[in-house]
Amino acid sequence: TGAKMTPLARPSPNFDGRPDGTLIDMLVLHYTGMQTAEAALERLCDPAAKVSAHYVIDEDGTVISLVEEDRRAWHAGVSYWRSETDINARSIGIELVNPGHEFGYRDFPAPQMAALEKLAKETLSRHPIPARNVVGHADVAPGRKTDPGELFDWAALAQAGIGLWPGADVSDGDS
């Protein structure tokens with residue numbers, strides 16, 4: 001808790017408008033899957049790549065804002081959740097710096113997870129995102145994506161009141 005988070009800004013050109021009347025009701029978590037944070041940021045800000053996210057969280061906990069929340073970032077790709085297919089239109093995308101399965105997948109450091117918890121709580125306070133709609137990229141694009149992967153601590157996030165995990169004490173009844 002404490003003061004509101006003020007992310008560093010590194011605007012990406014890779015976004016468009018959300019369709020009129022679209023409710024932001026999902027939070028999609030990713031890993032960058034690139035060798036360095038800088039390589040990931042360069043790609044997420046490269047107009048030719050046509051990919052972005054709203055935020056990137058570096059391993060040291062630094063939060064970088066790439067796309068304003070009222071805009072559609074291009075992070076989920078071909079995806080599906082609870083009968084919806086335009087996941088980008090209805091979600092906030094957060095990328096966690098991690099080399100991923102291709103480049104030496106590793107644990108998500110405590111400062112990164114603490115920053116994610118703070119950012120996610122702030123995001124949930126701004127948008128009506130039910131716990132069941134806090135998902136990983138692999139959840140909305142199974143067979144195509146594996147992130148954030150098996151080392152991601154979903155249970156701790158659920159314990160903090162973000163998302164769901166079997167056995168976690170989730171008291172909001174929104175399952």
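Summary of computed values
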{"quantity": "In Å², nearest 10: area of residue 28 left accessible to a 1.4 Å probe", "calculated": "0"}
{"quantity": "Relative pair counts by distance (%), Cα atoms of the stretch 1-88, 5 Å bins", "calculated": "3, 13, 23, 25, 18, 12, 6, 1"}
{"quantity": "DSSP beta bridges in the chain [antiparallel fraction, %, rounded to 5]", "calculated": "35"}
{"quantity": "For the chain, accessible area per residue (1.4 Å probe, heavy atoms of protein chains only), Å²", "calculated": "49"}
{"quantity": "Structure-based [θ]222 nm, the chain - -39500 (n - 2.57) summed over DSSP H runs of at least 4, per residue, nearest 500", "calculated": "-6000 deg cm²/dmol"}
{"quantity": "Ellipsoid semi-axes in whole angstrom, largest first, where each is sqrt(5λ) of the Cα gyration tensor of the stretch 112-171", "calculated": "19, 13, 12"}
{"quantity": "Equivalent ellipsoid, the stretch 31-127 (semi-axes from 5 times Cα gyration tensor eigenvalues, Å)", "calculated": "21, 17, 13"}
{"quantity": "Qualifying lysines (Cα of each under 16 Å from Cα of residue 118; at least 8 residues distant if same chain)", "calculated": "4"}
{"quantity": "Given charges at Cβ of Lys, Arg, Asp, Glu: the stretch 39-104 dipole, positive-most of 98, 39, 66", "calculated": "66"}
{"quantity": "Alpha carbon convex hull of the chain, volume per residue in cubic angstrom", "calculated": "118"}
{"quantity": "Given charges at beta-carbon only (K, R positive; D, E negative), |dipole| of the chain in Debye", "calculated": "300"}
{"quantity": "Euclidean distance between Cα centres, the stretch 71-150 to the stretch 35-60, Å", "calculated": "14"}
{"quantity": "Under 20 Å from the Cα of residue 145 - lysines, other chains or at least 8 residues apart", "calculated": "50"}
{"quantity": "Accessible heavy-atom area order of 71, 90, 10, highest first, probe of 1.4 Å", "calculated": "71, 10, 90"}
{"quantity": "Eligible aspartates and glutamates near residue 121 by straight Cα distance, threshold 18 Å, same-chain separation 8 or greater", "calculated": "25, 58, 68, 69, 70, 95, 153, 169, 172, 174"}
{"quantity": "Isotropic mean projected area of the C-alpha convex hull, the stretch 2-50 (nm²)", "calculated": "5.4"}
{"quantity": "Percent carbon-and-sulfur accessible area, the stretch 21-175, ignoring ligands, DNA and RNA, probe 1.4 Å", "calculated": "50"}
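The values are calculated or read from the model by the stated rules, or taken from the named source; none is laboratory data. Treat the numbers as computed from the prediction; the structure is a model and nothing was measured. So basically every Cβ, Gly included, is an ideal-geometry build from the backbone, and we count neighbours across all protein chains shown. Protein only, heavy atoms only, side chains kept; ligands, DNA and RNA dropped before computing areas. Shrake-Rupley method; radii C 1.70, N 1.55, O 1.52, S 1.80 Å.
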